[in-house]
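The values are calculated or read from the model by the stated rules, or taken from the named source; none is laboratory data. Please read all numbers here as calculations on a predicted model, not as lab measurements. Here the Cβ positions follow ideal geometry from the backbone for every residue, glycine too, while neighbour counts run over all protein chains shown.
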Amino acid sequence: LAKTTQPISMDSYEGQEVNITCSHNNIATNDYITWYQQFPSQGPRFIIQGYKTKVTNEVASLFIPADRKSSTLSLPRVSLSDTAVYYCLVGPTQTGANNLFFGTGTRLTVIP
Amino acid sequence: DTGVSQDPRHKITKRGQNVTFRCDPISEHNRLYWYRQTLGQGPEFLTYFQNEAQLEKSRLLSDRFSAERPKGSFSTLEIQRTEQGDSAMYLCASSFDRGANYEQYFGPGTRLTVT
């Protein structure tokens with residue numbers, strides 16, 4: 001599993017766009033990039049997954065440059081309820097690679 | 001069935017006692033995972049089942065830990081002779097047996113405190 005590096009923490013004001021960047025220099029050809037969100041006293045929740053370029057869903061966007069050595073999770077117009085820890089995970093999705101490696105994540109605090 | 005459930009949500013036990021946790025996955029999911037999470041850290045993988053078969057175990061899973069999924073539905077995680085270092089949140093997750101292995105659905109966790 002490729003190692004990832006993320007900022008330990010970030011602060012943002014309500015209504016702003018937040019971008020959290022994850023470095024994964026050793027990403028393999030068959031690796032996908034996945035982000036999870038975790039609120040206090042809850043299990044992590046899948047947010048978004050991508051392989052290259054841009055992926056967007058109702059919650060977030062994921063930007064992946066051509067070399068795939070990094071990725072950026074973008075949260076549009078954050079609210080107080082977006083305060084959580086965000087984890088970047090990198091690994092293959094095909095059968096045989098079934099455990100997730102979370103690391104320490106990025107603690108996002110949204111300020112009123 | 002709205003999600004993964006875990007029971008109990010909290011458990012306080014004295015060192016040396018045995019504890020057992022239960023996880024009920026999303027009904028149509030045939031994969032089930034156990035993770036452990038300590039304060040300030042991300043979840044760490046412990047073990048994984050496909051149906052009733054335990055296919056993978058982490059080195060974190062000492063001999064005092066045992067997990068079962070007898071009928072391929074709910075699972076139990078037992079810790080024998082608990083130690084203070086076992087204090088953590090124990091998370092269960094489940095997923096479909098297809099495609100995106102990285103899309104796992106987590107339960108709320110069981111917080112264990114060993115005194």
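With the structure loaded, tell me whether B:Gln41 is surrounded by 13 or more Cβ atoms within 10 Å (Cβ to Cβ), within 14 Å of another protein chain (Cβ to nearest Cβ), in a loop (DSSP other than H, G, I, E, B) and out of contact with any His (no Cβ under 7 Å at 6 or more places or on another chain) or whether it fails that test.
Considered against the rule, which asks whether it is surrounded by 13 or more Cβ atoms within 10 Å (Cβ to Cβ), within 14 Å of another protein chain (Cβ to nearest Cβ), in a loop (DSSP other than H, G, I, E, B) and out of contact with any His (no Cβ under 7 Å at 6 or more places or on another chain), B:Gln41 comes out as yes.
I'd like to know if region A:17-29 contains one or more residues that are in contact with a strand residue (DSSP E or B) (Cβ under 8 Å, 6 or more places away or on another chain), closer than 30 Å to B:Ala88 by Cα and small (Gly, Ala, Ser).
Yes, there is a match, as at least one residue in region A:17-29 is in contact with a strand residue (DSSP E or B) (Cβ under 8 Å, 6 or more places away or on another chain), closer than 30 Å to B:Ala88 by Cα and small (Gly, Ala, Ser).
With respect to A:Gln42, determine if the residue is under 30 Å from B:Glu56 (Cα atoms), facing another protein chain (nearest Cβ under 8 Å), part of a strand (DSSP E or B) and of a type in the set (S, T, N, Q).
no
Can you tell me how many residues in region B:52-86 are surrounded by 14 or more Cβ atoms within 10 Å (Cβ to Cβ) and either on the phi > 0 side of the Ramachandran plot or not in a loop (DSSP other than H, G, I, E, B) (or both)?
Qualifying residue count for the region: 13.
Out of the residues in region A:5-18 that are closer than 21 Å to A:Leu89 by Cα and in contact with a Leu (Cβ under 7 Å, 6 or more places away or on another chain), state the one that is surrounded by the fewest Cβ atoms within 10 Å (Cβ to Cβ).
Across region A:5-18, the extreme among qualifying residues is A:Met10.
Do we have any residue at all in region B:65-84 that's touching a residue at least 12 places away in the same chain (Cβ under 8 Å), over 15 Å from the mean Cα position of the chain (by Cα) and within 27 Å of A:Arg107 (Cα to Cα)?
yes
From the set of residues in region A:20-39 that are part of a loop (DSSP other than H, G, I, E, B) and within 13 Å of another protein chain (Cβ to nearest Cβ), which is farthest from A:Ser79 (Cα to Cα)?
Out of the qualifying residues, it is A:Asn30.
Within the group B:Thr20, B:Thr13, B:Thr2, which residue is away from every other protein chain (no Cβ under 13 Å), over 23 Å from A:Phe102 (Cα atoms) and free of Cβ contacts under 8 Å to residues at least 12 places away in the same chain?
After ruling out the rest, the residue left standing is B:Thr2.
When only residues in region B:18-38 that are assigned to a loop (DSSP other than H, G, I, E, B) and either of a type outside the set (D, E, K, R) or in contact with a helix residue (DSSP H, G or I) (Cβ under 7 Å, 6 or more places away or on another chain) (or both) count, which is surrounded by the fewest Cβ atoms within 10 Å (Cβ to Cβ)?
Looking at residues that are assigned to a loop (DSSP other than H, G, I, E, B) and either of a type outside the set (D, E, K, R) or in contact with a helix residue (DSSP H, G or I) (Cβ under 7 Å, 6 or more places away or on another chain) (or both), I get B:Ser27.
Can you tell me which residues in region B:93-115 are crowded, with 17+ Cβ neighbours inside 10 Å, among the hydrophobic types (A, V, I, L, M, F, W, C) and facing chain A (nearest Cβ under 8 Å)?
B:Ala93, B:Phe106
Among the candidates A:Ser70, A:Ser74, single out the residue that is surrounded by 13 or more Cβ atoms within 10 Å (Cβ to Cβ), in contact with a His (Cβ under 9 Å, 6 or more places away or on another chain) and at pLDDT 95 or above.
Within the list A:Ser70, A:Ser74, the selection yields A:Ser70.
Would you mind telling me which numbered condition in (1) out of contact with any Asp or Glu (no Cβ under 9 Å at 6 or more places or on another chain); (2) under 19 Å from B:Trp34 (Cα atoms); (3) buried (at least 20 other Cβ atoms within 10 Å of the Cβ); (4) aromatic (Phe, Trp, Tyr) A:Phe102 fails?
If we test A:Phe102 against (1) out of contact with any Asp or Glu (no Cβ under 9 Å at 6 or more places or on another chain); (2) under 19 Å from B:Trp34 (Cα atoms); (3) buried (at least 20 other Cβ atoms within 10 Å of the Cβ); (4) aromatic (Phe, Trp, Tyr), just (1) comes out false.
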